[in-house]
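Trainee: Mind having a look at this structure? Questions to follow.
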Amino acid sequence: MAAKAAYRHLLRATRVAFEGDYTLLHAARVQARTGFDSLSSLDPSSEEAQKQIQHAEGVASILRHNLVQGQQVEGSDAIKLNIHKDIERGDNDTVKNPLGKGGKVKVAGGS
């Protein structure tokens, strides 16, 4: 039953993430179906099956919370982003200082 729930979560996440983009929505759903079909012979209680279920749940979470699609506004260089209610929103402090208080990030090729 956990596999069915993970599959449903993945399909819902693709619907949210790729709303309005039929081509990507269809491709994502085909890939999800193919992935689940290829693992259907696993024993549901096996460790490998549990790892794959967790992977599917993780992919669903990323699609739902971290993927933002954009579409170029006709006649403009502007891009309209599809930011929905489930998108994770950070603040600039976490971007400026990803390692915590006083942390620094060295950029390759930077000074």
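Trainee: Quick one: what pairs do we get from segment 14-39, first residue among the polar types (S, T, N, Q), second outside any loop (DSSP other than H, G, I, E, B), C-beta under 8 Å, 6+ apart or different chains?
Mentor: That search, which allows pairs on different chains as well, returns THR14/LEU25; THR14/ALA28; THR14/ARG29; THR14/ALA32; THR14/LEU63.
Trainee: Checking the structure you have, find out if any residue of segment 44-55 is polar (S, T, N, Q), modelled with pLDDT of 90 or more and touching a Leu at 6+ places or on another chain (Cβ under 8 Å). I'd like the intermediate steps shown before the answer.
Mentor: To start, the set of residues in segment 44-55 that are polar (S, T, N, Q) comprises 45-46, 50, 52, 54.
Imposing the further condition that a residue be modelled with pLDDT of 90 or more reduces the set to 45-46, 50, 52, 54.
Applying the additional criterion that residues be touching a Leu at 6+ places or on another chain (Cβ under 8 Å) yields 52.
Looking for residues that are polar (S, T, N, Q), modelled with pLDDT of 90 or more and touching a Leu at 6+ places or on another chain (Cβ under 8 Å), one finds at least one in segment 44-55, hence yes.
Trainee: Moving to a separate point now. Report, by residue number, each residue of segment 40-54 that is in a loop (DSSP other than H, G, I, E, B) and surrounded by 15 or more Cβ atoms within 10 Å (Cβ to Cβ).
Mentor: LEU42
Trainee: Does any residue in segment 48-77 that is touching a residue at least 40 places away in the same chain (Cβ under 8 Å) and over 24 Å from VAL16 (Cβ atoms) come within less than 8 Å, Cβ to Cβ, of a residue that is of a type outside the set (A, V, I, L, M, F, W, C) and exposed (fewer than 11 other Cβ atoms within 10 Å of the Cβ) six or more places away or on a different chain, and which pairs are these?
Mentor: Here the result reads ALA49/ASP43, each pair linking segment 48-77 to a residue that is of a type outside the set (A, V, I, L, M, F, W, C) and exposed (fewer than 11 other Cβ atoms within 10 Å of the Cβ).
Trainee: Can you name every residue in segment 12-32 that is over 14 Å from the mean Cα position of the chain (by Cα) and not in a helix (DSSP H, G or I)?
Mentor: GLY20, ASP21
Trainee: Scan segment 12-29 for residues that are surrounded by fewer than 17 Cβ atoms within 10 Å (Cβ to Cβ) and within 25 Å of GLN50 (Cβ to Cβ) and jot them down.
Mentor: ARG12, ARG29
Trainee: If we scan segment 73-93, do we find a residue that is more than 30 Å from ALA6 (Cα to Cα), modelled with pLDDT under 85 and of a type in the set (S, T, N, Q)?
Mentor: Yes, that holds for at least one residue.
Trainee: Test each condition in (1) among the acidic types (Asp, Glu); (2) farther than 11 Å from ALA6 by Cβ; (3) in a helix (DSSP H, G or I) for GLU57 and report the one that comes out false.
Mentor: Unmet for GLU57, out of (1) among the acidic types (Asp, Glu); (2) farther than 11 Å from ALA6 by Cβ; (3) in a helix (DSSP H, G or I): (2).
The values are calculated or read from the model by the stated rules, or taken from the named source; none is laboratory data. Quantities reported herein were computed from a predicted structural model and do not represent experimental measurements. Every residue, glycine as well, gets a Cβ built from its backbone with ideal geometry; the counts of neighbours run over all protein chains shown.
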